[in-house]
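Here the structure is laid out as structure tokens; the discussion comes afterwards.
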Amino acid sequence: PGMVMSMYTLLRNNPQPTMEDVTEGLAGNLCRCTGYRPIVDGYRTFCESENCCQLNGSTCNMSNGNENGSVEPIENVKLFSKGDLLPLDPTQDLIFPPELMDQTTQRFCGERMTWISPGSLNELLQLKADYPQAPLVMGNTNIGLDMKFKGIFHPVIISPTQVAELFKVTQKPEGVCVGAGCSMSFLKSVLERSINDFPPESTHMFRALLQQIKLVGGQQIRNVATLGGNIASAYPNSDLTPILAAGRCTLVALSKDGRRRVPIDKDFFLGFAKTILKPDEIVLSVFIPASRPNEIVHAFRHAPRKESALATVNAGMRVWFNENSNVVKEISIYYGGVGATILSADRACQQIVGRPWEEATLSDVYSTLVDEIKLGPSAPGGKVDFRRSLTLSLFFKFNLLDVTQVEIPQKMQSAIQPLPKHIQPGYQEFQVSAQDPVGRPMMHRTALSQATGEAVYCDDLPQTDGELFLMIVTSSRPHAKITHIDFSEALKLPGVVDVITAKDIPGKRFRTFTGYDEELLAEDEVTCVGQMVCAVVADSKAHAKRGAAAVKISYEDLQDRIFTVEEAIEKESFFLPRRQIERGDVEKGLREAEQVYEGEIRIGGQEHFYLETQSFLVIPIGEEKEMKVYLSTQHPKDMFCSNLIALNFLSLFRTGRPVRCVLERGEDMLITGGRHPVWGIYKVGFMKDGRITAADFQYYANAGNVVDESVLVAEKILLHLDNAYNIPNLRGRSAACKTNLPSNTAFRGFGVPQCMLVVESMIDDVALKLGRLPEEVSPLLLKFSIREINMYKEVSLTHYKMEFDPENLVRCWNECMKKADFRQRRQAIDIFNQQNQFKKRGITIVPIKYGIGFAEAFLNQAAALVHIYKDGSVLVSHGGTEMGQGIHTKVQQVASRELNIPTSLIHISETSTQCVPNTCPSAASFGTDANGMAVKDACQILYNRLEPIRKKNPKGTWQNWIITAFLEKISLSATGYYRGHDLDMDWEKQEGKPYAYFTYAVGCSEVELDCLTGEYRTLRTDIVVDIGRSINPSIDIGQIEGAFMQGLGLYTMEELKFSPSGVLYTRGPSQYKIPSFCDVPLKFNVYLLAGSSNPHAIYSSKGIGEPTVFLGSSVFFAIKDAVTAARKDAGLTGPFQLNSPATPERACLACATHFTQMVYESYSNPFPWALNI
């Protein structure tokens, strides 16, 4: 709904937007599993200037598959029809509520807080005099976050949104005076107007400030965030304050005692979030001066994501030359993000003033900046070397941006050229069935309710009478004994009903999983920050939150804390069993190899960041201690969910009242754990032609404080050790390391994305060791690249002795090479890299062979319940959980085919253990395979029961047959069951059949990298997937694109940061960055392999939920390819370690530019800002 409302707002203000308007309007909306591309292409239809068949609802290209697998082209297949859409009716547009336009003073009093909105400037000043500590709130983009996430309390809040003087704008020849209450969006329009009104030479400051404003948050933030608030907040990484300070801006501070004009400079900011403003003063207005003749002003920023992200480093720079000279008369250089407040590079400026702007002067400036801007290894935010190198790189860009009007050499121009950003229409190719709904693109059955906001999530359920709210109290220590829990003060607070500790749990106080016990609540000892210790139950969320804050836990710290896998290895802290698998003779293979190389790579963890946090509602029903439980999970038996549900149950039994628990985002990220960080070490032997003779892998996964599913993840890592490569001598060992971090758990891919990145890094290193690229054809074989020469090509055995045919893997590879036009683009990239010094491009193509199903055979079963009602409608219940992946839609298509009725007659019931007990997890990309077969079984039973009725009345309708069956007492309800594949893995014998089949895919991505900042853009991605015969191509392509974007986040941007004491820093979207619209490949093409079938799954389809996560690594390796080109310019060749995610920091430092080498320092401080997990 956020995306819909963003587009609605845009169309209300601009009925004919450009694609740039659309992408700008969508910025800030996050949901990486959508893949974003379908949303962008859908909204492209509003841009009438865009010339694409998708404007009319058509795909760019499709093909039609018939029963014998041949492919026939079809034209103009409609995904939707514009004629089906209601026309826009402006009379139905919402209006602003008139009651909120009251200009009189308004006062709202809550239980603890008073909100006052004054109607005049005098009232505002009086309120500030009466309540000097009360914050001013306009957009609430800062104060609100502090109150919610930092627990800051303000008894009085003043909201001067009705004070007209704060919105006044005055234009003078000297510049523009803007009211401090003006929003960023309004300020943007003021600056755009001023740029048109003033002479071009006077607009440098306006243009620089405008450039920064466009990058402040998203459009939604800019619509409410104010100029005055940005300044008064005094955050060190504010995008506006460095340019305001460099640009000679001033502000008017006003109080009842009078007004004063204050320069916005280094003296205005006293420290973090502190200024020289007095407590009773407000910022009335800001004066933005026009640029003087011979004065140049520019602004710069770098952020972890291209939009809606706080800057890592930003800068405002201004230089004023003597007339008709390159001698510097005056200069200001301000940086943000390199200290507690913005920093003025005074010493560097002194080096320049009075000297000509030339190479010798600038060389001195770089040296001075290195000495002047110092950051210790414990500096908040980390990234010390990177931030210091950015200060040099941004000044270098300033030098190139027409400062002296000197012609820039062609090779250096790339330093100031922006990265490409125009998103082109996506291209999808698939096969459709003309017989029935199965095999045809069909809209997700909940798409409309999701888009309109009508979809009901757990916390949307209405509050019931007497309902209570449960809030978790977690440990603040990583490893300590609990000496005392004091909740007496909590019970005294209003609304608090109960506090539950481990001692209140009757019977068994732990759950057992994979042989290990996990406490529901910590009783005597805590083993990580975020471990659940007790729970507070109150009559509202606010009261429960206050009660939780009042609980005091006393600890006695234990010294043997373990955070990293290195520490776990040293202290032999592992969850058992540790697994090993081997084929061939690895030692012999290494001896016979012509070269041997040893390498390693680290893969960081990943936060789930699902749309709905963990949520539960337990309601008592009837008199038999029966209860109804609503929960947001893909598996009701899940370990963490079970623990929380148990607490809700216990609260219900102790109070006799319904209990709700909805974790806030920060709590969820702290408690639930995510993808395992992995350290992969390898030793590989290979020949000069690239053939790998032997490979030895060691994987260490950081499991956290409890086992959860970590041992199973470590096992699956070894089962995918080979990826797509037939290595004759192969060995793998894996260990789940027990540490004092929150427990990690199952995540899309279940260890495979980490495992395969290590394998592909090995392939990459072999190529670089041989002095060529992984896709470069071997000069000895003249046909195959290093990846191809080692790839499975004929019926083979895996390293666990499972036979499979890789024909479709090879087909995917060849087709992707062709569709992506790889060879020609590789040549073009090489030419580009030769011509550009500071921008480099890279391209990579990677394969995947992914096993589908559970190695634990009992998890592959499924059941379903199908009812047919007298009116002909059908209700289907099954054990799969709909998480947006489309399982309900596919099941609807299955029932439609088996019963031979339209999908409009089929309704899917929400997953409930009341209908289908003992459900297995919707995971392992096996949800549709299992539940689809169970529904198919139930429908076939019912269809066969109706056979006599159909024979009696062959021309009858479905409704006629159902009425007749009812009258003849034929049961119209059936249970379906699917036993599943008998899969297993014998780890003693190191052999088995752990998977039903393999899904194959190949992805190719091209990126452009800014070597000075590490920022990159994915120019194009092509993906070819063998999905058998797709049940629903539109949903499957959506799954492919969403998985790819999640993988892109894993491998290039998503970073979990822990403090040296094990506290998770990244507990929300402001610190943890997932991909957004700005990260979608500019050209995103998906092809489903034609002519494929799969006898091991329903209707010859294949599971697709997890495999293509790994294809996001094609962007990682494309970045590494671009970095390789940059390192070549720096005289560096051969293998190098680039850890995942390949953030701008890591990419920039790996490029080894002159600036990164100037600032590089080796630190031995045992207390860095963040742990290297």
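Details
- Positions within segment 143-156 being under 15 Å from ALA273 (Cα atoms) and crowded, with 18+ Cβ neighbours inside 10 Å, in sequence order: ILE143
- Residues located in segment 658-677, provided they are in a strand (DSSP E or B) and either aromatic (Phe, Trp, Tyr) or closer than 20 Å to ASP460 by Cα (or both): VAL659, ARG660, CYS661, VAL662
- Within segment 724-753, tally of residues that are surrounded by 24 or more Cβ atoms within 10 Å (Cβ to Cβ), of a type in the set (S, T, N, Q) and closer than 24 Å to GLU803 by Cα: 1
- Out of GLU794, GLU776, GLU807, sole residue that is over 25 Å from LYS688 (Cα atoms) and surrounded by fewer than 17 Cβ atoms within 10 Å (Cβ to Cβ): GLU807
- ALA864 falls short on exactly one of the conditions (1) part of a loop (DSSP other than H, G, I, E, B); (2) over 28 Å from the mean Cα position of the chain (by Cα); (3) crowded, with 24+ Cβ neighbours inside 10 Å, and that condition is (1).
- Of all residue pairs spaced 6 or more apart or on separate chains, those with beta-carbon atoms under 7 Å, a first member in segment 477-501 that is over 20 Å from GLU523 (Cα atoms) and without any contact (Cβ under 8 Å) to a residue 60 or more places away in the chain and a second member that is open to solvent by 40 Å² or more (accessible area, probe 1.4 Å) and part of a helix (DSSP H, G or I) are LEU493/ARG546.
- Some residue of segment 273-282 being more than 28 Å from ALA379 (Cα to Cα) and assigned to a strand (DSSP E or B): yes
- Residue among GLY1003, GLY1049, GLY992 that is more than 28 Å from ARG731 (Cα to Cα) and small (Gly, Ala, Ser): GLY1049
- Tallying residues that are over 23 Å from GLY927 (Cβ atoms) and open to solvent by less than 70 Å² (accessible area, probe 1.4 Å) within segment 960-990 yields 11.
Okay, residues lined up against (1) more than 33 Å from the chain's Cα centre (by Cα); (2) at pLDDT below 95; (3) of a type in the set (Asp, Glu):
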{"residue": "GLY732", "(1), (2), (3)": "no, no, no"}
{"residue": "ALA736", "(1), (2), (3)": "no, no, no"}
{"residue": "ALA746", "(1), (2), (3)": "no, yes, no"}
{"residue": "LEU757", "(1), (2), (3)": "no, no, no"}
{"residue": "SER761", "(1), (2), (3)": "no, no, no"}
{"residue": "GLU776", "(1), (2), (3)": "no, yes, yes"}
{"residue": "LEU782", "(1), (2), (3)": "yes, yes, no"}
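- Scanning segment 79-92 turns up no residue that is at pLDDT below 75, surrounded by 11 or more Cβ atoms within 10 Å (Cβ to Cβ) and among the acidic types (Asp, Glu).
- Members of segment 469-492 that are of a type in the set (A, V, I, L, M, F, W, C) and crowded, with 16+ Cβ neighbours inside 10 Å: PHE469, LEU470, MET471, ILE472, VAL473, ALA480, ILE482, ILE485, PHE487, ALA490
- Selection of segment 678-691 for residues being open to solvent by 10 Å² or more (accessible area, probe 1.4 Å) and not in a strand (DSSP E or B) yields MET687, LYS688, ASP689, ARG691.
- Segment 305-322, subset of a type in the set (A, V, I, L, M, F, W, C) and assigned to a strand (DSSP E or B), residue nearest to LEU1048 (Cα to Cα): VAL313
- Within the set GLY495, GLY466, GLY530, the sole residue that is open to solvent by 30 Å² or more (accessible area, probe 1.4 Å), within 23 Å of VAL659 (Cβ to Cβ) and not acidic (Asp, Glu) turns out to be GLY466.
- Complete set of residues in segment 608-630 that are of a type in the set (A, V, I, L, M), more than 17 Å from MET471 (Cα to Cα) and free of Cβ contacts under 8 Å to residues at least 60 places away in the same chain: ILE621, MET627, VAL629
- Looking across ASP871, ASP830, one residue alone is outside any helix (DSSP H, G or I), more than 19 Å from HIS720 (Cβ to Cβ) and of a type outside the set (Lys, Arg). It is ASP871.
- Residue in segment 27-44 that is assigned to a loop (DSSP other than H, G, I, E, B), open to solvent by 60 Å² or more (accessible area, probe 1.4 Å) and modelled with pLDDT of 50 or more present: no
This table checks each residue for (1) part of a loop (DSSP other than H, G, I, E, B); (2) in contact with a helix residue (DSSP H, G or I) (Cβ under 7 Å, 6 or more places away or on another chain); (3) touching a residue at least 12 places away in the same chain (Cβ under 8 Å).
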| site | (1), (2), (3) |
| --- | --- |
| LYS188 | no, yes, yes |
| GLU201 | no, no, yes |
| PHE206 | no, yes, yes |
| ILE243 | no, yes, yes |
| ARG248 | yes, no, yes |
| ALA253 | no, no, yes |
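- Residue within segment 353-374 that is surrounded by fewer than 17 Cβ atoms within 10 Å (Cβ to Cβ), within 16 Å of VAL313 (Cα to Cα) and in contact with a Lys or Arg (Cβ under 9 Å, 6 or more places away or on another chain) present: yes
Here's the yes/no breakdown for (1) over 24 Å from ASP498 (Cα atoms); (2) touching a Ser or Thr at 6+ places or on another chain (Cβ under 9 Å); (3) at pLDDT below 90; (4) open to solvent by less than 30 Å² (accessible area, probe 1.4 Å):
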| residue | (1), (2), (3), (4) |
| --- | --- |
| GLN606 | yes, no, no, yes |
| GLU612 | yes, yes, no, no |
| PHE616 | no, yes, no, yes |
| GLY622 | no, no, yes, no |
| LYS628 | no, no, no, no |
| GLN634 | yes, yes, yes, no |
| MET639 | yes, yes, yes, yes |
| THR655 | no, no, no, no |
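- Scope segment 434-463; condition open to solvent by less than 80 Å² (accessible area, probe 1.4 Å) and more than 19 Å from ASN1032 (Cβ to Cβ); matching residues: GLY453, ALA455, TYR457, CYS458, LEU461
- Among the residues of segment 1148-1157, not a single one is aromatic (Phe, Trp, Tyr), surrounded by fewer than 23 Cβ atoms within 10 Å (Cβ to Cβ) and either farther than 23 Å from ALA1001 by Cβ or out of contact with any strand residue (DSSP E or B) (no Cβ under 6 Å at 6 or more places or on another chain) (or both).
The values are calculated or read from the model by the stated rules, or taken from the named source; none is laboratory data. None of the values given here were measured: they were computed from a predicted structure. Note that we place each Cβ from the backbone using ideal geometry, even for glycine, and neighbour counts take in every protein chain shown. For the accessible areas, the whole protein counts, side chains as well, though only heavy atoms, and no ligand, DNA or RNA atoms are used. Shrake-Rupley method; radii C 1.70, N 1.55, O 1.52, S 1.80 Å.
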